[in-house]
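First the structure, in the form of structure tokens, and then the observations on it.
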Amino acid sequence: MNAVVANDSSVVKQLQAILPAHCVITDPRAKKPFETDGLTAVKQMPWVVVLPETVEQVRSVLRVCRENRVPVVPRGAGTGLSGGARPSSDGVLLGLSKLSRIIEIDPDNRIARVEPGVRNLAISEAAAHHGLYYAPDPSSQIACSIGGNVAENSGGVHCLKYGLTVHNVLGLKVLTLEGDELTIGGATLDSPGYDLLALFTGSEGMLGIVTEVTVRLLPIPATKRLMLAAFASLEAAAGTVGRIIASGIIPAGLEMMDARAIAAAEAFVGAGYPTDAAAILLCELDGTHDEVEEQSAQVLRVMRTQQATEVRASRDEADRERMWLGRKAAFPAVGRLAPDYYCMDGTIPRARLAEVLRAIEKLSEQYGLAVANVFHAGDGNLHPLILYDANAAGELERAEKMGGEILALCVAVGGTVTGEHGVGVEKLDSMCGQFAAPELEQFHRLKAAFDPPRLMNPGKAVPTLARCAEVGGMHVHKGKLAFPEIERF
Amino acid sequence: MARDRDDSERLIAAVAAAAGNERPLVICGRGSKTFLAPPAVGSMLAVGDHSGVVDYRHDELVLTARAGTPLVELRRILASQEQMLAFDPPMFAGDGSLGGAVATGLSGPGRPWYGATRDAVLGVTLINGRAERLVFGGQVMKNVAGYDVSRLMTGAFGTLGVLLDISVKVLPRPHHEATRVFDVDRDTALANVTAWARTPLPLSATCHVDGVLHVRLSGTEKGVRAAAAQVGGDDLPHSADFWDSVRDQTHAFFSVGRCYRVALPPAATYPAIPGDWLTEWAGSQRWFRTDATREQVDLAVRRLGGYATEFRDPRGPQPFDKGALKYYRRLKDAFDPKAILNRGRLFQEIGQDAVTEASV
């Protein structure tokens, strides 16, 4: 398939000819920061790193890669949690962080047009003085880039009400491996033809390189209120999630933390969470003043009816921020409990929350690895954090195996192996359980439509059928694969 | 009452037969939106009998139904739980199916605030052109496993697959609604709506037609009342009828003349071409009745950063991005290599040409 070019200095020379010297990195020490993304357990030294400063340079890099049949791995800010930006040992790591211009904020049309390297939070900061903001807020929003958000279809705390990246992006400019620039959508709410906008969003850099993003801006809500409820059991907390939704309210965010996560957060930042609770819910409402007044009264009623042992609501903005503190610090707080943790990302139907959390408890005992749960309960998007010690022999493998079981469980109850972190390299095996061979083949054919030589981020997001056959997760019907004549890749 | 019937085996067999002898199929739900695009060629594949709700849990905000399920039936079931199809698809001539709504991708008056059809689609089961039954997405809100094929099917006019089952996100019906009306010209209306859309008001629809601006507010009772006081205007009683007439195009505006659907950046000015406008979606979707030529309309709208389509009986090529067509053909080939599904309905010249290109 791909020519092995690791020793081919002519490709480096070609890259150096089209890029300024400081944009081509071959020195091992300088390449070191690029060997991993947010999934730090997975490391691979890239063959060469390029950091183009213009779209034209990106186009030239793609040309060189295409002509020399060199794999291209795109990378945004490197905060991804599924190894989607893991470099190829024989490929070019294409960093887009230097394309970081905010091209335009258009308050009347309520859009921002930005380059892919612009940080998520920087968009809201630039729009703030117009009273507007960009809604999706992944936890890494200080650092993560909008190009990476598009590639991963990132979510965040507030996607229950405001949706994922796919619901908030209106336009893209994309370069394909063949050098075509596609303008997909723009400032209008829709565009004719196939919905390439949805297709590219969440495509994990497998179809093309995003060079410009137009996002929808929303008015900053007039009022926000956060409510906290403590519960004596996981079941009571999980049941309340469904009851709030069933009462006709869509909270801006609805988060849950279990006892271990609460204890860790309290020890770390002392946000004043009740440490004797089995679980807490954090429910944020936003809207006009009157709207929030009425709905919060309703939410508090539901919480009390559901046997909350304690209920409180933020009194003002400072109080609200204090109450969020523990949730926002939960991941680093859990990080203090063990040398390492492994963050999972399955999504399940809300009604199965309690049952799945109990099953995770059992797995935790079985594997002898502690788990803390802090997650987006309103979306059913779980983030079990499996605690382990990478230096203890076999613990990482055990954590990964347990994680795989959790994801299989998510699929079994009607959910998915990834809600917002992407498949990357991390969940390739789990994909074999979620999709049957004909679906995986359809994915591969779809990719080939944009990338016939399969040089874009190879080996990510969609497992080969051979790999699935190996992990035994393949759906084999009547002892044989569908369409045995088709090439397996 | 819609029949509850799983017709998928017959449909798969029909697609397999068509793929085998390379005879194209025209997919037909309830036939209410046939006029939206050029006719496909081939023999009819009726999916209307594949009907019924497969799963509906109101506290999950998810409904799964077979493609042939009538929209009117879904609306009735959801209303019984105080919920709604947030994308509020049109029911032309009072009819339409869920599959047709998703395949055509049209959304109702609340689209800028409640999201489009594609935003609500969570998962699909489909038959591709190889007669394989494939499942993509699911019944959960957040799902990034694999490419977003479910949303790719939305607005694809059946050219990439026959939709079997569809899961959509549904929303609670707002507790309270009010429609305020204002006698203003279209430019004033656009300026007012643009200003309101920049502020956190509980807007859920706008429409300017015949010198009257209609603004719908949705939310809690107190919230809507406060917002109504803020924007002013007069109350329009029985406003649901008005919004339905805009959505389903039974409003008198749509009864005469050629009509273009014009998608524009919301605050864009009106093109200087004589004609009558009906403007929705805070300016993003406008309907234009005019005697001007298609070329004149197209050019003027493009200059403003939008695109125009002749809504009923469109002729000529769709205003696709030029560079995209190559990839459309390859996508078509990836799902339907023999081009048997709704051939010619979305774009022309698929078939041998496309196959050659994609095998590069």
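Structural remarks
- For B:K169, a cut-off of 13 angstrom between C-alpha atoms picks up these aspartates and glutamates, skipping any fewer than 8 places away in its own chain: A:D379, B:D55, B:D59, B:E60, B:D88, B:D119.
- For the stretch B:11-117, the calculated P(r) over all alpha carbon pairs, in 5 Å bins from 0 to the bin holding the longest distance, is 2, 11, 20, 22, 18, 12, 8, 5, 2, 0 percent.
- Relative contact order computed over the stretch A:78-159 (Cα-Cα under 8 Å; 6+ residues apart), in percent: 25 percent
- As a length-normalised measure over Cα pairs under 8 Å and 6 or more apart, the relative contact order of chain B settles at 19 percent.
- Rg/Rh ratio calculated on Cα atoms of the stretch B:138-236 (Kirkwood radius): 1.14
- Top positive-direction residue, dipole computed over the stretch B:1-154 with Cβ charges, set B:P38, B:A67, B:V124: B:P38
- Cross-link reach is defined here as a Cα-Cα straight distance under 18 Å, omitting same-chain residues fewer than 8 places apart; for A:K43 the lysines meeting it are A:K31, A:K32, A:K427, A:K460.
- Relative contact order computed over chain A (Cα-Cα under 8 Å; 6+ residues apart), in percent: 14 percent
- Across the stretch B:145-162, rounded Karplus estimates of 3J(HN,Hα) from the backbone phi angles (6.51 cos²θ - 1.76 cosθ + 1.60, θ = phi - 60°) give 7, x, 5, 7, 5, 4, 6, 4, 5, 6, x, 8, 6, x, 7, 10, x, 8 Hz, Gly and Pro being marked x.
- Proportion of all alpha-carbon pairs of chain A beyond 36 Å (%): 33 percent
- For A:G84, the residues 5 or more places off, or on other chains, whose built amide H falls under 5 Å of its own are A:V425.
- Rg(Cα) / (2.2 N^0.38 Å) computed for the stretch A:114-268, rounded to two decimals: 1.23
- A convex hull fitted around the alpha carbon atoms of the protein assembly as shown yields 157 Å³ per residue.
- Close amide H pairs (under 5 Å, H built 1.01 Å from N) link A:E212 with A:K173, residues at least 5 positions away or on another chain.
- Relative compactness, the stretch A:194-261, computed as alpha-carbon Rg over 2.2 N^0.38 Å: 1.72
- For the stretch A:289-397, the extents of the C-alpha atoms along the principal axes are 57, 31, 23 Å, listed from largest to smallest.
- Computed over the stretch A:347-433, the ratio Rg/Rh where both radii use C-alpha atoms and Rh is Kirkwood: 0.95
- As a proxy for reagent exposure, A:H289, B:H238, A:H158 were ordered by neighbouring Cβ count within 10 angstrom, fewest first; the result is B:H238, A:H289, A:H158.
- Distance from the alpha carbon centroid of the stretch A:288-348 to that of the stretch A:354-425 works out to 21 angstrom.
- Cβ-to-Cβ counts within 10 Å put B:V256, A:V413, A:V11 in ascending order as B:V256, A:V413, A:V11, the fewest first.
- Three-way shape call for chain B based on the alpha-carbon gyration tensor, with the a/c threshold at 1.5: oblate
- Per-residue Cβ neighbour rank within 10 angstrom, fewest leading, A:L409, B:L63: A:L409, B:L63
- For the stretch B:28-72, the orientation-averaged shadow of the C-alpha convex hull comes to 4.1 nm² (one quarter of the hull surface).
- Within a straight-line Cα-Cα reach of under 26 Å, B:K338 can be paired with the following lysines, leaving aside sequence neighbours fewer than 8 residues apart in one chain: A:K447, A:K480, B:K33, B:K322, B:K326.
- Working note: Karplus 6.51/-1.76/1.60 with θ = phi - 60° gives the stretch A:332-339 the couplings x, 5, 5, x, 7, 7, 8, x Hz, where Gly and Pro are set to x.
- Direction-averaged projected area, Cα convex hull, the stretch A:398-445: 3.6 nm², rounded to one decimal.
- From the C-alpha gyration tensor of the stretch B:60-118, square roots of 5λ in Å: 15, 15, 11
- Expressed as a whole percent, the proportion of Cα-Cα pairs in the stretch B:187-279 lying more than 19 Å apart is 46%.
- Residues whose placed amide H lies under 5 Å from that of B:A205, excluding near-sequence neighbours: B:R216
A short reminder: the numbers here are calculations on the coordinates, not readings from a lab. Here the structure is a predicted model, which means the values were calculated and not measured. Cβ coordinates were reconstructed from backbone atoms using ideal geometry, including for glycine residues, and neighbour counts include every protein chain displayed.
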